[in-house]
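Enquirer: Below is a structure I'd like to ask you about.
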Amino acid sequence: MHELSICLALVDRVERLADHHGAVGVEEIRLAIGPLAGVEAELLERAFPLAAAGTRAEHAALVIGTGPVVVRCTVCEAESEVASNRLVCGRCGDFRTRLVRGDEMLLEQGTFTTAAQVAAGAG
């Protein structure tokens, strides 16, 4: 299950961002995963608690969004949203296309808790 290694890398990146921002906790992590990324969102959600255990992200919500598959036709230059199993141009129907979006996995946003926020909530 390579989703666990992906989650471990994600938690490591979020920990470094938390350090950079002086955060004491992580509330939410937002990911965008394209349909052709080769990552199963459900398996990622199951692996995340294991990867985050004992870190500032341990209680963070993992929010996963998906986006469309977009190709650019090399014949007519049109960009089209297409089905992940049919990468043909939406305008002219040609099969000679290049992938523009749909195979990415992006860390879109992290929501952090600072010590000041914790202190303000305790008082």
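Enquirer: Scan the range 87-111 residue by residue and report those that are closer than 28 Å to L17 by Cβ and either without any contact (Cβ under 8 Å) to a residue 24 or more places away in the chain or part of a loop (DSSP other than H, G, I, E, B) (or both).
Expert: Hits for the range 87-111 are G102, D103, E104.
Enquirer: Also, quick follow-up: Are any residues in the range 9-56 out of contact with any Leu (no Cβ under 9 Å at 6 or more places or on another chain), touching a residue at least 12 places away in the same chain (Cβ under 8 Å) and among the acidic types (D, E), and if so, which ones?
Expert: Across the range 9-56, the qualifying residues are E15, E27, E40.
Every number here is computed from the coordinates shown, using simple stated rules; none is lab data. The shown structure was predicted, so the numbers you read here are calculated from the model rather than taken from an experiment. Methodologically, a virtual Cβ is constructed for each residue, glycine included, from the backbone with ideal geometry; neighbour enumeration extends over all protein chains shown.
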